[in-house]
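Encoded as structure tokens, the structure appears first; notes follow it.
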Amino acid sequence: MSRTVRIALFILMALAQMLPLSAGAAYAYVGPGPGLTVIGALWAVIAAVLLAVLAIVRWPLRYMLRKLKGDKDKLNTSATGTGDDQREEPGDGS
């Protein structure tokens, strides 16, 4: 990047940082309702993203742990739950 471009970017960034200082006062009242709504929506988005990341990270780790333990029955089952056929139901041990 040339020196001229760097100087131009520096000046542009400096002006961009000074822009909020030129804003005037907004004489308006915003009650707590919209703020709580934004916080609630933001909380839901953050929770959804974290759960999605957790699911993406957990799936290969779970598969690797099962492979390391040698649990071949759980590795070979399909997504339809065919491996659950041999499980005992609670209360059937009489």
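Computed from the coordinates by the stated procedures, all read-outs in this text should not be read as laboratory data. Keep in mind that this is a model prediction, so the values were computed, not measured. Here Cβ is always computed from backbone atoms with ideal geometry, including for glycine, and neighbour counts include all displayed protein chains.
Take Arg58 and Ile11, extend 7 Å from each Cα along the Cα→Cβ direction, and tell me the distance between the two endpoints in nm.
Placing both labels 7 Å beyond Cα along the Cβ direction yields 5.5 nm.
Taking the mean number of other Cβ atoms within 10 Å as a proxy for protection, how do you rank 24-30, 50-56 from highest to lowest? Display every interim value, and only then the final one.
Values: 24-30: 5.7, 50-56: 9.7.
Answer by packing, highest mean first, reads 50-56, 24-30.
Measuring from label point to label point, each 7 Å out along Cα→Cβ, what is the Val45 to Val30 span in nm?
So the label points at Val45 and Val30 sit 1.4 nm apart.
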